[in-house]
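Here is the structure we will look at.
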Amino acid sequence: MVIYIGADHRGFELKAELKEFIQGLGYQVFDMGAETLDENDDYPDFAAAVAGKVSDDYENAKGIVICGSGIGVDIVANKFSRVRCSLVSTSDQAFDARSDDDANVLALGANIVNSEEVKKILTTWLGTPFSDEERHRRRRDKISKLEIELGEKNK
């Protein structure tokens, strides 16, 4: 599995730490920016870069997007087809996001969660498979159907 990660200036330091941590878990990580700390950068650029990669390879890729609150990057990532991004601040939420909702992008708030909690969140999120229970599959499929219907409606 490939992991794409991106963060604005508020998530820049956390992204650097998490990249190393994720690689230590044995995953291949691609950094989608920011490459340098720039207080004037904009979170949509990095969230879109990550979500675009996951959308293109949603069966083999996962993404992590980080900004100060996590809200902005979550909103951006969920604009992309086949992306199910979840804003998570606990390992219990990370488990549910993967097991119940088959989330393939994780949004984090660098100002909300500390480094140690994020490592627990990531370990849980990366290690939890989609449950594939009928009720969760049915709900995920309804989301996918809505995505298609709304996409065609907005053409």
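The values are calculated or read from the model by the stated rules, or taken from the named source; none is laboratory data. Fair warning: this is a prediction, and the values are worked out from it, not measured in the lab. We place every Cβ from the backbone using ideal geometry, glycine too, and count neighbours over all the protein chains shown.
Identify the residue in segment 93-134 that is farther than 19 Å from residue 66 by Cβ, touching a residue at least 12 places away in the same chain (Cβ under 8 Å) and not small (Gly, Ala, Ser) and, among all such residues, is surrounded by the fewest Cβ atoms within 10 Å (Cβ to Cβ).
Checking each candidate, the answer is 129.
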Practice prompt. Would you please list the contacts, defined by Cβ atoms under 7 Å and residues six or more apart or on different chains, that run from a residue in segment 143-154 that is more than 17 Å from residue 104 (Cβ to Cβ) to a residue that is modelled with pLDDT of 85 or more and surrounded by fewer than 10 Cβ atoms within 10 Å (Cβ to Cβ)?
Written response: none
Discussion item. Can you go through 135, 98, 139, 84 and tell me which one is farther than 22 Å from residue 12 by Cα and in contact with a Pro (Cβ under 8 Å, 6 or more places away or on another chain)?
Written reply: 98
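Going by the conditions given, is residue 43 of a type in the set (Phe, Trp, Tyr) and closer than 15 Å to residue 32 by Cα?
Answer is yes for this residue.
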Fill in: Residues of segment 43-58 satisfying the condition of being among the β-branched types (Val, Ile, Thr) and closer than 13 Å to residue 81 by Cβ
54
Worksheet item: (1) buried (at least 23 other Cβ atoms within 10 Å of the Cβ); (2) free of Cβ contacts under 8 Å to residues at least 40 places away in the same chain; (3) among the hydrophobic types (A, V, I, L, M, F, W, C); (4) more than 30 Å from residue 149 (Cα to Cα): which one isn't true of residue 30, the others all being true?
Response: (1)
